[in-house]
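The values are calculated or read from the model by the stated rules, or taken from the named source; none is laboratory data. Small disclaimer: the values here were computed from a predicted structure and weren't measured. Here the Cβ is made from the backbone with ideal geometry for all residues, glycine too, and neighbour counts use every protein chain on show. These area figures cover heavy atoms from the full protein model, side chains too; ligands, DNA and RNA do not enter into them. Shrake-Rupley method; radii C 1.70, N 1.55, O 1.52, S 1.80 Å.
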Amino acid sequence: MSLMGILDRVGDATSVDKVVDPARKAVLAVLRPPAVKDFLHGTWLGHPLHPVLVQVPVGSWISAGVLDLVPAMRPAATMLIGTGVATALPAALAGAADWSDQEAGVRRLGAVHAGLNTAALALYVGSLAARGRRRGGLGRFLSYCGLGLAGTSAAIGGHMSYAQASGASHSATAAQALTHDWLDLGPLDDLPEGRPALRTGTGGGVAVPLAVVRRGARVDVFVGNCAHLSGPLYEGDVEEVRGSACLVCPWHGSAFDLDSGEPRHGPAATPQEKLEVRMEAGRVMARLPARHA
Ligand code: FES
């Protein structure tokens, strides 16, 4: 079995839920204020915050590992290890916020990712303590062990992102199946006012759900699969969120600005794919923006 096959087995192991579920409840309790959770998701940034923040501890620790090979550079290595330790907590909090809103298989693997990161952090703290007591050999041994664990954990995080699509925009993936031609979505007068309607786009023989919202003469058309985890946006609601009229996902409450598609409330951190719209003889026509061509 391949290494990635082993990781998939972990994702299937329901027995670990008796540990994972209480941990998730604790994370949700600590991160209860919506503004805190949105900040940690990266909703304000339009990009998941966790992969941005992890650059600092991972980069610092890798660099320290290189500098430790040169005796004259070891004080600088110690400084970088301290930088990594100091920045690990915000990176972990952002990861925990994302993890708490993922599906069960990703949460199981994420628990392993978090456990390895915690062990790596403990080794680096031990390394700093050893270096402070002038036990440099032990300090370097502990930090290289920490680097090994952090690297293994990063590989698992990559599997969660790439193989399990835990940080990907699911609306961007769905958009790839759409044609680049104009789609006829039917008469404007058939659309309900102020709530989403389901229409179907096509491309390559595949039907793609679209969420169409009419406000008077204005129509906004989105890919129907929510950017977060593919929830049915066409079954959502139109609500005012943080001063903007938004389309709100029925699954986890992500709110997307009707005008821009940008997230105003998480857990989604990326914009919802939005189509260009024009009217033609009273009919709504929509197509993907040119960046998808
Ligand atoms: S699928 Fe999670 S908020 Fe839409």
Next item on the list: Look through the range 99-128, keep the residues that are open to solvent by 50 Å² or more (accessible area, probe 1.4 Å) and of a type in the set (S, T, N, Q), and return whichever of them is farthest from the chain's Cα centre (by Cα).
Entry: T118
Notebook entry, point to check: Restricted to the range 220-238, and to residues that are touching a helix residue (DSSP H, G or I) at 6+ places or on another chain (Cβ under 7 Å) and within 21 Å of L188 (Cβ to Cβ), which residue is surrounded by the fewest Cβ atoms within 10 Å (Cβ to Cβ)?
Noted result: G224
Check: Out of curiosity, is L178 surrounded by 16 or more Cβ atoms within 10 Å (Cβ to Cβ), in a loop (DSSP other than H, G, I, E, B) and more than 16 Å from the ligand (Cβ to nearest atom)?
Finding: yes
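If I filter the range 197-205 for residues that are modelled with pLDDT of 95 or more and in contact with a helix residue (DSSP H, G or I) (Cβ under 7 Å, 6 or more places away or on another chain), do I get at least one hit? Break it down into steps so the answer makes sense when it comes.
From the range 197-205, those modelled with pLDDT of 95 or more are 197-199; that's our starting set.
The next check asks that each one be in contact with a helix residue (DSSP H, G or I) (Cβ under 7 Å, 6 or more places away or on another chain); those that pass are 197-198.
Yes, there is a match, as at least one residue in the range 197-205 is modelled with pLDDT of 95 or more and in contact with a helix residue (DSSP H, G or I) (Cβ under 7 Å, 6 or more places away or on another chain).
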Notebook entry, point to check: In the range 55-94, what residues are over 17 Å from G148 (Cβ atoms), touching a residue at least 24 places away in the same chain (Cβ under 8 Å), more than 23 Å from the chain's Cα centre (by Cα) and open to solvent by less than 60 Å² (accessible area, probe 1.4 Å)?
Noted result: T78, G82, T83
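Can you tell me how many residues in the range 238-268 are assigned to a strand (DSSP E or B) and of a type in the set (S, T, N, Q)?
Summing the residues that are assigned to a strand (DSSP E or B) and of a type in the set (S, T, N, Q) in the range 238-268 gives 1.
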Checklist line | Answer residue from the range 239-270, given it is within 13 Å of the ligand (Cβ to nearest atom), surrounded by fewer than 21 Cβ atoms within 10 Å (Cβ to Cβ) and touching a residue at least 24 places away in the same chain (Cβ under 8 Å) and is nearest to L40 (Cα to Cα) among those | finding: H252
Margin query: R131 - would you say it is crowded, with 16+ Cβ neighbours inside 10 Å, touching a Ser or Thr at 6+ places or on another chain (Cβ under 6 Å) and charged (D, E, K, R)?
Written below: yes
Checklist line | The one condition in (1) away from the ligand (no atom under 13 Å from the Cβ); (2) touching a Phe, Trp or Tyr at 6+ places or on another chain (Cβ under 7 Å); (3) open to solvent by less than 10 Å² (accessible area, probe 1.4 Å) that M285 fails to fulfil | finding: (3)
Checklist line | Which numbered condition T200 fails, given (1) polar (S, T, N, Q); (2) free of Cβ contacts under 8 Å to residues at least 12 places away in the same chain; (3) within 30 Å of A120 (Cα to Cα) | finding: (3)
Item checked: Options K37, K18, K25; residue that is part of a helix (DSSP H, G or I) and closer than 24 Å to C246 by Cβ -> K37
Next item on the list: Can you work out which of the residues in the range 199-237 that are assigned to a loop (DSSP other than H, G, I, E, B) and within 16 Å of the ligand (Cβ to nearest atom) is nearest to H180 (Cα to Cα)?
Entry: G224
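Specify which of the listed residues (E239, E262, E273) is under 19 Å from K37 (Cα atoms) and among the charged types (D, E, K, R).
Just one listed residue meets the conditions, E262.
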Notebook entry, point to check: Only one of (1) within 12 Å of the ligand (Cβ to nearest atom); (2) open to solvent by 20 Å² or more (accessible area, probe 1.4 Å); (3) in contact (Cβ under 8 Å) with a residue 60 or more places away in the chain fails for M279. Which number is that?
Noted result: (1)
Checklist line | Any chance M160 is part of a helix (DSSP H, G or I) and either closer than 19 Å to L40 by Cα or at pLDDT below 95 (or both) | finding: yes
